[in-house]
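Following: one structure in structure tokens, then a few remarks.
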Amino acid sequence: MVKSVSKKIIKSIATNENYSKDELEQMEYALVTILFESIKIVSAIIIFSLFGYFKEMIIIQVVMCSVKPFIGGYHEETQIKCFLTTMLSITGILILSLQCNLSFLSNCILIFLSIFCIWNQAPVINLKMPITRPEIINKNRSTGLRNVTILGLICIVAYNYTSYYSIITWTILFLAIEMFNKREV
């Protein structure tokens, strides 16, 4: 359904402009991706809000949306598998942030370890949508590293003021872990 709506939108845009077939395919892919990601984000926020985790979900989504598009990471073959994997990751982040009391030093170690992993791996290129231009790869890498470093510093500063630092720390760690993709056969 999302793909058919995207095709209709792109066709209506294309009627008045002279776009190449490649440009139309790129626009359609971008629109489909944005729509699926929006549905996934809103659904996750609604589901976890029903359990009383609205603020936590907003924090997790802000961190994920500001880092993951730039560093890449784990991908599933279908949108349903992607949604389920995302829900499992968010559940893990919530459980760890609620159950594990990190000392200041432990928090810093997890943040710096995550930043190192992202620095070492980013961006992970999706084989189904490879980025081939070096300037885009370098820009994504820089943006991802900058965003995760800023979020890491926020965690360190917020440690003594709020327990929400833990959610950011665990989310950053999960994003770093997800950069180590499953093996392709």
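Within the shell of other residues whose beta carbon sits under 13 angstrom from the beta carbon of N147, the net charge comes to +4, with Lys and Arg scored +1 and Asp and Glu -1. Rounded to whole numbers, the Karplus 3J(HN,Hα) couplings from phi for segment 29-38 are 4, 4, 5, 4, 4, 4, 5, 4, 5, 5 Hz, using 6.51 cos²θ - 1.76 cosθ + 1.60 with θ = phi - 60°, and x at Gly and Pro. Couplings 3J(HN,Hα) of segment 136-151, computed from phi: 6, 4, 5, 5, 4, 4, 4, 5, x, 5, 4, 5, 5, 5, 4, 5 Hz, in residue order, whole Hz [Karplus 6.51 cos²θ - 1.76 cosθ + 1.60, θ = phi - 60°; x for Gly and Pro]. When a 1.4 Å probe is rolled over the protein heavy atoms, the share of accessible surface on segment 32-185 that falls to carbon and sulfur comes to 69 percent. With a 1.4 Å probe rolled over the protein heavy atoms of all chains, the accessible area of Y165, Y53 falls in the order Y53, Y165, largest first. Pairs from the list K40/K139; K55/K81; K40/K68 with a Cα-Cα gap above 18 Å: K40/K139; K55/K81. Once you order the gyration tensor axes a ≥ b ≥ c over the Cα atoms, which shape class does segment 20-133 get: rounded for a/c under 1.5, otherwise prolate or oblate by comparing a/b with b/c? Since a/c reaches 1.5 but b/c is at least a/b, the shape of segment 20-133 is classed as oblate.
The values are calculated or read from the model by the stated rules, or taken from the named source; none is laboratory data. Keep in mind that this is a model prediction, so the values were computed, not measured. For neighbour counting, all protein chains shown are included, and Cβ atoms are generated from backbone atoms with ideal geometry for every residue, glycine included. These accessible areas exclude ligands, DNA and RNA; they are computed on the full protein's heavy atoms, side chains included. Shrake-Rupley method; radii C 1.70, N 1.55, O 1.52, S 1.80 Å.
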